[in-house]
Amino acid sequence: MKAMVLNEYGEGSEFQAAEVAKPTAGKGQVLVRIAATSVNTVDTMIRQMGQENLPLSPDLPALLGMDFAGTVEAVGEGVTAYAEGDEVYGCAGGLIGLPGALSEYIAADARLIAHKPKSLSMREAAAMPLVGITAYEGLLRAGTQEGQKVLVHGGTGGVGHLAVQLAKHMGADVYTTITGDTQSQIVSNYGATAIDFKTEKVDDYVARHTDGAGFDVIFDTVGGANLTNSFEAAALNGHVSTTVSLLELDLSPVHFRGLSLHVVFMLIPMLHDHKRQVHGDILAKLATLVDSGALKPLLDEQQFELSQVGDAYARLTSGQAIGKVVVDVI
């Protein structure tokens with residue numbers, strides 16, 4: 001089958017077209033003909049850092065790509081929930097020991113997938129799995145509920161735009177950091193209040209939107225140094241969820257505010273074969289929400305074919321993309 005692979009990691013590494021062996025559906029797997037895949041930040045990190053700096057990276061030559069949507073072509077032993085011809089989506093490859101989705105086919109663990117939302121195209125469905133699961137887990141672990149004030153950092157990003165919509169669906173009063181009129185309009189359409197982080201300081205928007213009390217839940221999809229802003233904006237005994245905590249940080253504000261910090265690393269089930277069915281269950285719930293009209297993925301305006309995957313990665317790392325960057329496979 002056709003695939004795009006990496007023969008080396010690091011700055012300047014390029015994807016190369018290759019013919020690789022077509023996988024077969026093993027026990028507990030389904031063979032999926034991939035229609036589309038999407039690019040996540042972790043994909044770009046793997047390409048840049050490789051196994052030496054990021055041990056979850058696949059062996060070379062590496063077949064990356066975690067998310068996909070496509071059609072079941074064959075069903076392995078023990079799989080009863082899927083049949084040939086079913087349209088599915090999931091996040092099931094692109095890590096060490098799990099060949100990825102930058103190819104025509106993937107043999108996916110049936111526990112890591114779900115039936116594709118009927119109302120979405122393949123491109124739209126391929127944009128959702130990793131970020132959708134992450135958004136759902138982050139809000140759930142923070143105990144998000146009706147009536148709370150929730151702040152999402154990065155409301156038009158991959159995880160952020162779904163977290164905003166999910167928090168709104170949960171009945172929360174949702175606020176989100178963005179920059180510029182285009183992003184402001186997008187989140188306003190989701191029913192969230194936009195906060196331009198480039199023009200408004202944390203103290204100012206906390207005072208304006210919470211009377212100085214702080215937000216009950218903060219989902220920091222930016223993470224890193226931005227976590228200090230999250231701690232500053234959180235209410236006493238509040239909850240902060242983050243997807244990026246790879247740094248050393250003074251946790252004194254967490255202590256004195258009595259905050260709960262939740263680190264969401266959604267790759268654990270894939271890496272350790274730990275509670276994989278939870279991901280399939282979340283994807284099924286997300287599909288129901290999508291088909292009910294409560295949730296819709298945001299796709300970046302630029303489109304890419306499989307042979308242009310390097311350009312797709314560059315688009316995401318440029319910081320110019322709004323929503324998910326999707327690659328069409330067929």
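The values are calculated or read from the model by the stated rules, or taken from the named source; none is laboratory data. These numbers were taken from a predicted model, which means no experiment stands behind them. In this analysis, Cβ positions are derived from the backbone assuming ideal geometry, glycine residues included, and neighbour counts consider all displayed protein chains. These area figures cover heavy atoms from the full protein model, side chains too; ligands, DNA and RNA do not enter into them. Shrake-Rupley method; radii C 1.70, N 1.55, O 1.52, S 1.80 Å.
Tabulated data
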read-out: Helices (runs of 4 or more DSSP H) lying entirely in region 120-203 (those with 2 or more residues that are among the basic types (K, R)); value: none
read-out: Any hit, region 198-211, residues being open to solvent by less than 40 Å² (accessible area, probe 1.4 Å), in contact with a His (Cβ under 9 Å, 6 or more places away or on another chain) and at pLDDT 95 or above; value: no
read-out: Residue under evaluation S292, criteria (1) touching a residue at least 60 places away in the same chain (Cβ under 8 Å); (2) closer than 27 Å to A81 by Cα, criterion not met; value: (1)
read-out: Answer residue from region 33-57, given it is of a type in the set (D, E, K, R) and crowded, with 17+ Cβ neighbours inside 10 Å and is farthest from E301 (Cα to Cα) among those; value: R47
read-out: Single residue of region 218-273 satisfying the filter (among the small types (G, A, S) and assigned to a strand (DSSP E or B)) that is most open to solvent (accessible area, probe 1.4 Å); value: S260
read-out: Some residue of region 274-287 being over 21 Å from F15 (Cβ atoms), open to solvent by 40 Å² or more (accessible area, probe 1.4 Å) and of a type in the set (G, A, S); value: yes
read-out: Filtered residue count, region 58-79, keeping only those that are buried (at least 22 other Cβ atoms within 10 Å of the Cβ) and among the β-branched types (V, I, T); value: 1
read-out: Region 125-153 residues that are surrounded by fewer than 24 Cβ atoms within 10 Å (Cβ to Cβ), paired with ones that are charged (D, E, K, R) (beta carbon under 6 Å, 6 or more apart); value: Q148/D216; K149/D173; K149/D216
read-out: Per-region count, region 80-109, residues in contact (Cβ under 8 Å) with a residue 60 or more places away in the chain and either open to solvent by 10 Å² or more (accessible area, probe 1.4 Å) or of a type in the set (A, V, I, L, M) (or both); value: 13
read-out: Pick from region 288-327, criterion open to solvent by 30 Å² or more (accessible area, probe 1.4 Å) and under 23 Å from A108 (Cα atoms), ranking: nearest to the chain's Cα centre (by Cα); value: T288
